[in-house]
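Following: one structure in structure tokens, then a few remarks.
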Amino acid sequence: MRPYFKGIFLAKAQNKGNMMTIKEIIAKPNVGAEYTIQGWVRTFRGNQFCAVSDGTTIKTMQVVVDRDTTDEAVLSRIKTGAAIVAKGILVESQGAGQAVELQANSVEIVGDSDASKYPLQPKKHSLEFLREIAHLRFRTNTFGAIFRVRHAISFAIHKFFNDRGFYYLHSPIITGSDAEGAGEMFQVTTLNLEDAPKTEDGEVDYKQDFFGKATNLTVSGQLEAELAALALSKVYTFGPTFRAENSNTSRHLAEFWMIEPEVAFADIHDNMDLAEDMLKYVIQYCLENCADDLEFLANRLENEEKSKPQAQRAPALIEKLQFCIDNDFERVSYSEAIKILMNSKPNKKKKFQFVIEEWGADLQSEHERYLVEKHFKKPVILIDYPKDIKSFYMRMNDDGKTVAAMDILFPGIGEIVGGSQREERLDVLEQRMDEMNVPKEEMQWFLDTRRYGTCPHAGYGLGFERLVLFITGMANIRDVIPFPRTPGNASI
Ligand code: 4AD
Ligand code: MG
């Protein structure tokens, strides 16, 4: 591969030998050859052994510095956090922990780091502390692994859909419709909040706003995806979505990424098959392509769980992922699930925070997790929810009580996917919009799909960070997105 990204060091590298990433060297180590690496110092022991990370892999390269021939001025600047370029011969390592090491014949300090002030010391830091220094946490093993895996998941999702003939649709981030009803929205305006123009009735006059109407950040790209699917057959969106819910949980973000496929001529069963295949494909891809990072994260999780009582410990990461690929997801109707929950111990003993009294109750995360973790002990797809607890666009079933909705529930996560077959019948859809007070006048563009060449179609939304949580085995959604936005926090 040509070294496209060697940047300012390219010219230097040409007379410095074989400039390579640590990932490339470890993949194909040529013992006896000369290499040049560039990265950041993790530790420097005995004025001799320098662990260098360049972030291309979880592994560091041990650079052995010659104490006798290296300038004292250089030695004193090899500090945790410093950026260096090291050139030397690759040799088999005498020490434990690495197969090869770089016997350096030159070390150049590119960027100094004052180790006495550097917030990342070579020791274990808590995830809470690292959240406070989110700008530096990429430099830790844990976050390096998480963000490499996050990349792989994203790539695998695009590959999955591309290989199956889906087109990637960029749905808008600023929208003028609030019809989805998926959650509270963030308003987008250029009006002066202290002196907003008013109409004669004393209301804010959005006609004078930037777009000539009130606008907000999107909560979902689904409705736009439906428009495209009814022309391109198979599309998906993959973009940021925004919800101003005041949910301070380990599963909610105010800004998160969502993948929303939408397929024409598809029903709820096709939709479930697609979602299950996609999840298994992506997990398999990570097992095959992120083995080192997953092994590191698995060990991290195991250590973390040791302090908990056996019964409360999370399952081993790799086994959990493999289990998910090897087993069919359980497909259960909402009505069956309600029966199971009503007969469950925590419901009878009123241990649930929200005790289920009757059919029609909305499921909370405690109920979803009971079904997945205690009852079925595997991923579950719940279908056919009561129409009153789901969105207006979901297709009405023949019973007149339920809609063709599907939620996929994952162990340790709860809901990871929400979707449905869509109501393609104009008259039924209009009736549902009236019943649910969805403004039809503003949604003529949406209703046109049902007027001209409507057809059965279905889609779903996958919460990207929830999948990253599941695959990395992390516990808090704030730790799987580079810069989390939650109520009261948008610091970087
Ligand atoms: O279930 P939701 O609200 O569904 C929709 O938005 C539909 N329009 C999707 C569709 O049919 N095309 O959200 C979909 C998924 C959830 O299952 C969850 O995984 C994730 O998005 N999600 C969140 N993830 C992080 N933080 C939040 N606040 C989330 N809200 C939803
Ligand atoms: Mg949902």
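Considering (1) in a helix (DSSP H, G or I); (2) more than 30 Å from ILE153 (Cβ to Cβ), the lone condition that PHE354 does not fulfil carries the number (1). The residues in the range 121-159 that are under 23 Å from GLU302 (Cβ atoms), touching a residue at least 12 places away in the same chain (Cβ under 8 Å) and part of a loop (DSSP other than H, G, I, E, B) can be counted, and the count is 3.
The residue of the range 345-373 that is surrounded by the fewest Cβ atoms within 10 Å (Cβ to Cβ), among those that are over 22 Å from ILE389 (Cα atoms) and in contact (Cβ under 8 Å) with a residue 24 or more places away in the chain, is PRO346.
Taking the criterion of being outside any loop (DSSP other than H, G, I, E, B) and within 22 Å of LYS28 (Cα to Cα), the residues of the range 88-120 that qualify are GLY88, ILE89, LEU90, VAL91, GLU92, VAL100, GLU101, LEU102, GLN103, ALA104, ASN105.
Each residue in the range 15-35 was checked for being under 34 Å from the mean Cα position of the chain (by Cα), in contact (Cβ under 8 Å) with a residue 24 or more places away in the chain and in a strand (DSSP E or B), and 0 pass. Applying the selection to the range 221-255, what residues are closer than 25 Å to LEU191 by Cβ and near ligand 1 (Cβ under 8 Å from one of its atoms)? Matches in the range 221-255: THR241, ARG243, GLU245, ALA254.
Residues in the range 199-251 that are in a loop (DSSP other than H, G, I, E, B), in contact with a Pro (Cβ under 7 Å, 6 or more places away or on another chain) and open to solvent by less than 40 Å² (accessible area, probe 1.4 Å): ASP205, THR218.
Residues of the range 153-168 that are within 13 Å of ILE283 (Cα to Cα) and open to solvent by less than 10 Å² (accessible area, probe 1.4 Å): ILE153, ALA156, ILE157, PHE160.
Candidates GLY459, GLY419, GLY463: the one that is within 16 Å of ligand 2 (Cβ to nearest atom), in contact (Cβ under 8 Å) with a residue 40 or more places away in the chain and touching a Pro at 6+ places or on another chain (Cβ under 8 Å) is GLY459.
Scanning the range 390-433 for residues that are near ligand 1 (Cβ under 9 Å from one of its atoms), open to solvent by 10 Å² or more (accessible area, probe 1.4 Å) and in a strand (DSSP E or B) gives MET394, GLU415, GLY418.
Filtering the range 471-492 to residues that are more than 16 Å from ligand 2 (Cβ to nearest atom) and assigned to a helix (DSSP H, G or I) leaves ILE471, THR472, ARG478, ASP479. Of the residues making up the range 169-178, those that are crowded, with 17+ Cβ neighbours inside 10 Å and assigned to a strand (DSSP E or B) number 1. Kindly indicate whether TYR385 is modelled with pLDDT of 95 or more, touching a Phe, Trp or Tyr at 6+ places or on another chain (Cβ under 8 Å) and within 14 Å of ligand 1 (Cβ to nearest atom). So TYR385 fits the description; yes. Remark: ILE84 falls outside the filter, which requires a residue to be surrounded by 14 or more Cβ atoms within 10 Å (Cβ to Cβ) and more than 39 Å from the chain's Cα centre (by Cα).
What is the residue count in the range 281-314 for residues that are basic (Lys, Arg) and touching a residue at least 60 places away in the same chain (Cβ under 8 Å)?
Number of matching residues: 1.
Of the candidates LYS79, LYS59, LYS117, the single residue that is under 23 Å from ARG139 (Cβ atoms) and without any contact (Cβ under 8 Å) to a residue 24 or more places away in the chain is LYS117. Here the range 117-143 is the region considered, the condition is being more than 23 Å from the chain's Cα centre (by Cα) and open to solvent by 40 Å² or more (accessible area, probe 1.4 Å), and the residue that is modelled with the lowest pLDDT is PRO122.
Answer yes or no as to whether ILE477 is under 17 Å from ASP384 (Cβ atoms) and either away from ligand 1 (no atom under 15 Å from the Cβ) or at pLDDT 95 or above (or both).
Criteria not met by ILE477.
Considering only residues that are within 16 Å of ligand 1 (Cβ to nearest atom) and open to solvent by less than 10 Å² (accessible area, probe 1.4 Å), which ones fall in the range 434-460? Across the range 434-460, the qualifying residues are MET443, PHE446, HIS457, ALA458, GLY459, TYR460.
Checked against (1) farther than 22 Å from PRO439 by Cα; (2) away from ligand 1 (no atom under 16 Å from the Cβ); (3) out of contact with any Lys or Arg (no Cβ under 7 Å at 6 or more places or on another chain); (4) among the β-branched types (Val, Ile, Thr), THR189 meets all criteria but (1).
The values are calculated or read from the model by the stated rules, or taken from the named source; none is laboratory data. This one's a predicted model, so the numbers in the text were calculated from it and none came from an experiment. A quick note on method: Cβ atoms are made from the backbone with ideal geometry, for glycine too, and the neighbour counts reach across all protein chains shown. All accessible areas refer to the heavy atoms of the entire protein, side chains included, with ligands and DNA or RNA removed. Shrake-Rupley method; radii C 1.70, N 1.55, O 1.52, S 1.80 Å.
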